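Below: one structure, written as structure tokens.
FYI, it's all coordinate maths here, none of it is from the lab. If you're wondering where the values come from, they're calculated on a predicted model, not measured in any experiment. As a convention, Cβ positions derive from the backbone with ideal geometry for all residues, glycine included, and neighbour counts pool all protein chains shown.
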Amino acid sequence: MIRSLVTEIVVGTYPPGSPLPSAGVLGEHYQVSRTVIREATTSLTEKGLVATRQGWGTVVLDQGQWSLLDPMVLDALFQREDRLVYLDNLIEIRALLECSMASRAADRIDDSGRRELRAAVERLNGLRHDPDAYPPADIDFHECIHQISEDAFGRAIVKSIQGKAVRSPQYRGRPGEEEMAITHQAHTKIADAILDGDPDAAAAAMREHITSSWDRRRPNATEPVQAT
């Protein structure tokens with residue numbers, strides 16, 4: 001029920017400034033008790049979607065107050081007609097953060113980090129012909145760089161959005177052999193720059209990887225986007 005209400009608010013079924021149906025109406029619609037409705041309203045309030053207004057009931061808030069990184073809110077944003085605006089913006093944010101983390105990793109990497117990064121690349125190398133196993137190892141590779149960078153906030157933000165149309169190849173289905181070869185080459189270039197201790201090259205390689213990958217995977221405006 002909460003997910004359904006979040007989606008209806010985010011996609012505009014209940015526009016900003018409008019009241020949600022009464023607890024009685026929602027309870028009858030979802031076949032739940034008033035206690036469940038109160039709990040759902042509390043959850044919506046915590047996500048910044050609604051607020052209680054005396055004389056008005058529960059009112060939908062303006063988008064500027066929504067918790068956009070909340071998983072349910074993100075899922076719903078990717079179901080809107082203007083979803084590509086948010087997807088493109090998310091890629092911009094990811095690129096900025098990951099370029100910074102790659103640069104920091106190149107500057108901070110020690111012997112332990114070198115061993116871990118080499119192991120991550122070797123694992124990718126062994127899986128580069130496996131379209132099912134490569135993507136999870138891809139995520140682990142990026143996580144390895146995040147850990148080496150010691151950028152706690154950047155790591156937390158990227159981790160919170162990575163499953164939300166940022167790293168998933170679902171837009172174009174399973175990655176083909178050519179896509180995997182290009183991706184693996186990019187990963188190798190990033191790793192080499194970090195292992196060489198070259199912050200500028202590491203950041204440039206990461207930016208090239210993220211932006212070019214998105215260019216290849218970006219759906220058309222008329223294509224449906226699955227939420228994860």
Using every Cα-Cα pair within the range 88-150, state what percent have a distance larger than 17 Å. 46 percent
Take the Cα atoms of the range 1-124, find their three principal axes, and give me the spread along each one in whole Å, biggest first. 63, 28, 25
Can you compute the label reach from Thr42? Point 7 Å from Cα along the Cβ direction, backbone N cut-off under 17 Å, restricted to the range 1-30. 1-3, 23
Taking only Cα atoms and a 10 Å spring cutoff, compute GNM fluctuations for the chain and point out the largest among Gln54, Gln79, Gln185. Gln54
Classify the range 2-65 as rounded, prolate or oblate from the Cα gyration tensor: take a ≥ b ≥ c as the square roots of its eigenvalues, call it rounded if a/c is under 1.5, otherwise prolate when a/b beats b/c and oblate if not. prolate
Apply the membrane-span-like helix rule to the chain: whole DSSP H runs, Cα extent along the own long axis of at least 30 Å, mean Kyte-Doolittle hydropathy at least -0.5. List the helices found. 83-108
Relative contact order of the chain, pairs being alpha-carbon contacts under 8 Å that are 6 or more residues apart, as %: 23 percent
The chain, Rg to Rh (Cα coordinates; Rh as Kirkwood inverse mean 1/r): 1.08
Given a 10 angstrom Cα cut-off, can you work out which residue in Arg155, Arg80, Arg34 is the most mobile in a GNM of the chain? Arg34
